[in-house]
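What follows draws every value from the coordinates through simple rules; no lab data is involved. Remember, it's a predicted structure, so these values are computed and weren't measured experimentally. Cβ: placed from backbone, ideal geometry, glycine included. Neighbour counts: every protein chain shown.
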Amino acid sequence: MNFSRFMKRCMTSVTILVVPHTKSQPLKVRLPIAGLLACMAFAVIGAAYTIIAGVRTAEYYVMKSKLSYFSREFNELKLTIGSLKETNNELSRLVELKSKNNILKTAEFGDSGSIDIEAIKREMKETLESVAEIKKYISEQKNVLLATPSGWPIHGQISSHFGMRHHPVTGVSKFHTGLDIRASMGTDVKATADGIVSFSGWTSGSGHIVVIEHGHGLSTAYAHNKENFVKVGQTIKKGEKIAASGSSGISTGPHLHYEVWKNGKQVDPHQFLKDG
C-alpha cells in the first residue's frame with residue numbers, strides 16, 4: 001500500500017449518528033477516520049492523565065500527613081533537646097552527663113537509614129529522669145553541707161578537750177561534752193553553719209548560751225558568753241556573729257564552750273573544726 005492510498009483511506013469520512021431519547025432529530029457527525037482516531041487517542045491520554053493526577057494527589061495528601069507528623073515529632077524533640085541542654089549546662093561542672101550529641105550518636109537507625117525518633121525520645125526521657133535524680137541528690141547533699149558545722153566558732157586556743165577531765169571548778173572527774181576555746185573577753189562568736197536559733201538565754205551553769213538547730217539532726221551550742229546577739233526563731237547564716245565571748249555561769253575565765261550535737265547526742269567538735 002502506497003502512501004497516497006493510505007492517506008486516502010485516513011481521509012475517508014465516517015458518520016456518527018447520535019440518537020436522542022426525545023423526539024428531536026438525530027444528530028449526525030461526519031468525521032474523517034484520522035480525526036476519529038485522533039479523538040480516541042486524546043480521550044485515552046486524558047483518562048490516563050486524570051488517573052495519574054488522582055494518584056499523585058492521594059500521594060500528596062499522604063506525604064502531607066507524614067510531614068505534619070514528623071514536624072510535630074521534631075518540635076517535641078527540639079523542646080526536649082533545649083531542656084536537656086539547659087540541664088547539661090547547669091550540671092556540667094558537677095557531674096558527667098550524657099549530652100545531646102551523645103544521644104544522637106547512640107540513637108538507633110531503621111533499615112531505611114532514617115533516625116528512629118522513638119528511640120531518641122526514650123533515650124532523652126531516661127537521661128532527663130537521671131538528671132532529675134542527680135539534681136535531687138545534689139540538692140539534698142547541698143542542704144546537708146549547709147547544715148553541717150564547719151570551722152572555728154571563735155579565734156582562740158583550745159584549753160579543754162572533748163572527753164573525761166577534772167572539772168576546773170569542782171575538781172570532780174567528769175565527761176566534758178564540748179571544747180573550751182580560750183579567747184579575750186568580747187571576742188566575736190560566730191555560727192558554724194546555717195540554722196535557726198532554738199535557745200538564746202541564761203542558764204546557771206552555762207551562763208549566756210545560744211543553741212542553733214541546723215537540720216538533719218545537727219545542732220550547735222555556744223556557752224559562757226558575755227552577751228547574746230540573737231533571738232529564738234531567728235534565721236542564722238554560717239559566719240554570722242551571734243554573741244560575744246565572756247565568762248558567765250560557772251567559769252574560771254573568758255572562753256567559749258562549744259558543743260556539736262548529732263541525732264540528740266554530743267559528738268567531738270574537733271572533727272568539724274578542720275572543715276572550715
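Table for the structure above
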read-out: Elements of type strands (runs of 3 or more DSSP E) in the range 226-276, at least 1 residues being under 14 Å from residue 188 (Cα atoms) and in contact with a Pro (Cβ under 7 Å, 6 or more places away or on another chain); value: 241-245, 255-262
read-out: Qualifying strands (runs of 3 or more DSSP E) (wholly inside the range 148-208; at least 3 residues being under 13 Å from residue 223 (Cα atoms) and of a type outside the set (Val, Ile, Thr)); value: 179-182, 195-203
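Each row is one residue, and each column tells you yes or no for (1) aromatic (Phe, Trp, Tyr); (2) out of contact with any Lys or Arg (no Cβ under 8 Å at 6 or more places or on another chain); (3) surrounded by fewer than 22 Cβ atoms within 10 Å (Cβ to Cβ).
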site: 158; (1), (2), (3): no, no, yes
site: 173; (1), (2), (3): no, no, yes
site: 187; (1), (2), (3): no, yes, yes
site: 192; (1), (2), (3): no, no, no
site: 210; (1), (2), (3): no, yes, no
site: 215; (1), (2), (3): no, yes, yes
site: 225; (1), (2), (3): no, yes, no
site: 233; (1), (2), (3): no, yes, yes
